[in-house]
Amino acid sequence: MPENPFLNLVDLPAWSQLFPDLIKSEISIALERSEERLQTIRNLSTADSTFENSVKALVQATVYLDHSWG
């Protein structure tokens, strides 16, 4: 998501591109992505759950939200 400076996980924060008017839309995107990933975990059956698709996925589920908040 490099087009979203708050959600760019590749580089260090591009401080010159972080404007207050972007916060609401970009945090909303991060929340939506996190919820989609969390729902994928919730939808797993016990039989289909593995460490990779549940525990590691849970850690990664909020990566954009975590990054955007610093």
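Only Lys, Arg, Asp and Glu count, each charged at its Cβ (+1, +1, -1, -1), so figure out the dipole size of the chain about its Cα centre, rounded to 20 debye. Computed about the Cα centre, the dipole is about 160 debye. For the chain, the per residue solvent-accessible surface stands at 73 Å², with DNA, RNA and ligands left out and a 1.4 Å probe. Projected over all directions and averaged, the alpha-carbon convex hull of the chain occupies 4.9 nm². Think of the chain as a dipole: +1 on every Lys or Arg Cβ, -1 on every Asp or Glu Cβ, centred on the Cα centre; then among LEU38, VAL55, PHE6, VAL55 lies furthest on the positive end.
The order of the peptides 10-19, 50-59 by mean Cβ neighbours within 10 Å, most packed first, is 50-59, 10-19.
What do you get for the angle between helix 20-42 and the principal long axis of the chain? Use alpha-carbon atoms, 0 to 90 degrees, nearest ten. With both axes taken from Cα atoms, the answer is about 10 degrees. Mean residue ellipticity at 222 nm, helices only, the chain: -15500 deg cm²/dmol; runs of at least 4 DSSP H residues each add -39,500 (n - 2.57), and the sum is divided by the number of residues. All other residues whose Cβ lies under 15 angstrom from that of ASN4 are scored, Lys and Arg at +1 and Asp and Glu at -1, for a net of -4. Could you work out the relative contact order of the chain? I mean the mean sequence separation of Cα pairs under 8 Å and 6+ apart, divided by the number of residues, in percent. Computed over the chain, the figure is 39 percent.
Each peptide in 25-31, 36-42 gets a packing score, the mean of other Cβ atoms within 10 Å over its residues, and the list from highest to lowest is 25-31, 36-42. Estimated at 0.36 nm per residue, the fully extended path between SER49 and PHE19 surpasses their Cα-Cα distance by 6.8 nm. Counted by Cβ distance under 12 Å from THR62, the other residues give a net charge of -2, where Lys and Arg count +1 and Asp and Glu count -1.
The values are calculated or read from the model by the stated rules, or taken from the named source; none is laboratory data. Being a predicted model, the structure only gives us computed values, none of them experimental. Methodologically, a virtual Cβ is constructed for each residue, glycine included, from the backbone with ideal geometry; neighbour enumeration extends over all protein chains shown. Just so you know, the surface numbers come from the protein's heavy atoms only, side chains and all, with ligands and any DNA or RNA stripped out. Shrake-Rupley method; radii C 1.70, N 1.55, O 1.52, S 1.80 Å.
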